Every structure is written in C-alpha cells, then in structure tokens.
Amino acid sequence: RGAKPVKLFMAAFQDYWDNDAVAGFGKGNSAKWNDLGIKGIDAQIGFSPRAKKNAALKAIAEDVATTKSSLFFSLAFLYQTPGAIRNVIIKLKEDDKIFCYGMSDHQVDGLEGETAGIDLQKPDGTVTVLHPQALVKNVPQPFKSEPTGGGGTRMHHKFIVIDFDKPTARVYMGSYNFSVAADSSNGENLLLIKDQRVATSYMVEAIRLFDHYHFRIAQMEAKEKREKLQLKKPPRNPGEEPWWMKDYTDPRRIRDRQLFA
C-alpha cells in the first residue's frame, strides 16, 4: 500500500500500453528493479518482458546458489521449464548442509493434463510424485472437495525463500514463473523482498503447503507397507533404538531438527 507502489504499477501499466513489442518495454524503466518505497522493508519490483541487459533469471539462479542454510520453494511449471533455476535447485537438493524443501506441479503417468500431479521434495532429500486423487476418502472439508484435475487448479504458486533464519533472508515472488519465457517474453511481475520477518512468514506458509501434501504421502506409504499411520511410542526395552535416533544421526534430519528447534 502507499503512493510509491501504486505509482510504479501505474507506470508499468502505461508502459505496456505504449509498447506493443518486447524490445520496447524491455528497455524501459518498468523492466528494471525499482524500490517499492515501503518504510522499513527492502522491497523491489520489476516487470517483464525484460531486455537482455535487464534479464533477471540468471541473477536469481546465482543468488539461489549462494543459499547458506535453507531453501523453500513452490514453483508451478518447474519441471516443464528446464534451465538455470531448475539446475541450481537440483544441485542444492544433493547438499546435506542445505535444508531444501519444495514442490512443483508434475505430470503423473496415466493422468491427463499437463499439471496432473504434485512433485514434493521431502526433507530427507527424496522426491515423491503425488496423485491428486490421494486422500479423498474419510476426510473433512475443505479437503474432501479438492479438485483432482490439472491446469494449475491445485498449485499455482511461485515463490522462493532463501535463508529465512539469517539476517540476509530474502524472498522472490510474483506471477513470474522463473523461466526464460517469464523473463523475456511474457508480461509478468516479480518482487524481491529482503526482510527476515517477511521471509519467515513465507517459510511458515511454505511449511503449511508442504505438510498438507506430505501427510498424503505418509498415508500412501503406510498403505503400501500395510502399516497403521500412528504416533510412535518411546522405547520400552533395553537396547531398543528410539524412533527419534535418526534425527541425531542422519545429516538431513539433523539439519531439520536444528533449523526448527
């Protein structure tokens, strides 16, 4: 809210009207990073399409690559848009020192539609493709009536949260799909907010989204193993290994425990 953000959006709107080609808009001020002028918060916005000199995709990927502690993401079309962002996320997933947690829509075999499933990156480093039909029985509203079709009806978010637990915390968000097309062809908005409070808020929202689907995966895995999904009891016999032991021995689980302790 405020006069400065409104002025920037109105200027971008006018620039779209004045330029009917990518080249014209991409060279203008709206296609550059502009300070939103919000008191007490370092917040910037830029609009696409961007010219080559204003392109943001490579710089974002380079910034993501500098992640020190944690990366949270929810990115529609990540697996339909190969390139710098997907490459750096795949690399960070393999780093045991980084807590990487995220999801994207993903094609599921046997289902129609280009966004027929959810690809969930779990804290243990594994990736599970989840069918939208999972968890449709014996559940309350609003989960019972969730759409099961494709087309981005279930997940259309685009945000990346970097190092929420550090003073350098930052968030990228907007209609921008973190793809070459979003950078240089489409009309999009992209915000960069460098503020730990805002980053933490987005981290909490990320956890809410991911837990919603992670629970479905837990149900699926329990069903496949023919096990009950229930709370585990503490060890009762001498020498019995407690269920939480892996939280102190597995590198990824250690990172998880320390990050949210």
Hey, which of the helices (runs of 4 or more DSSP H) in region 1-82, taking only ones fully inside, have at least 3 residues that are without any contact (Cβ under 8 Å) to a residue 24 or more places away in the chain? 3-18
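For (1) touching a strand residue (DSSP E or B) at 6+ places or on another chain (Cβ under 6 Å); (2) over 27 Å from A199 (Cβ atoms); (3) not aliphatic (A, V, I, L, M), each residue gets a yes or a no:
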{"residue": "L8", "(1), (2), (3)": "yes, no, no"}
{"residue": "Q14", "(1), (2), (3)": "no, yes, yes"}
{"residue": "G24", "(1), (2), (3)": "no, yes, yes"}
{"residue": "R50", "(1), (2), (3)": "no, no, yes"}
{"residue": "L57", "(1), (2), (3)": "no, no, no"}
Just checking, how many residues over region 93-132 are surrounded by fewer than 20 Cβ atoms within 10 Å (Cβ to Cβ), modelled with pLDDT of 75 or more and under 16 Å from the mean Cα position of the chain (by Cα)? 2
For region 204-220, check the following and say yes or no: at least one residue is modelled with pLDDT of 90 or more, farther than 25 Å from L57 by Cβ and out of contact with any Phe, Trp or Tyr (no Cβ under 7 Å at 6 or more places or on another chain). yes
For I89, only one of the following conditions fails: (1) assigned to a strand (DSSP E or B); (2) within 20 Å of D183 (Cβ to Cβ). What is its number? (1)
Can you tell me which residue in region 78-89 is farthest from S184 (Cα to Cα), limited to those that are open to solvent by 40 Å² or more (accessible area, probe 1.4 Å) and under 13 Å from the mean Cα position of the chain (by Cα)? Y79
In region 157-195, how many residues are crowded, with 21+ Cβ neighbours inside 10 Å, of a type in the set (V, I, T) and within 19 Å of Y79 (Cβ to Cβ)? 1
Filter region 200-230 for residues that are polar (S, T, N, Q) and without any contact (Cβ under 8 Å) to a residue 60 or more places away in the chain; the one that is most open to solvent (accessible area, probe 1.4 Å) is Q230
Checking the condition over 23 Å from the mean Cα position of the chain (by Cα) and open to solvent by less than 10 Å² (accessible area, probe 1.4 Å), which residue from F72, F25 passes? F25
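The values are calculated or read from the model by the stated rules, or taken from the named source; none is laboratory data. Since the model is a prediction, treat every value here as computed from it, not as a measurement. Neighbour counts are summed over all protein chains in view; Cβ atoms, including those assigned to glycine, are modelled from backbone coordinates with ideal geometry. Please note that ligands, DNA and RNA were not included when accessible areas were found on the heavy atoms of the full protein model with its side chains. Shrake-Rupley method; radii C 1.70, N 1.55, O 1.52, S 1.80 Å.
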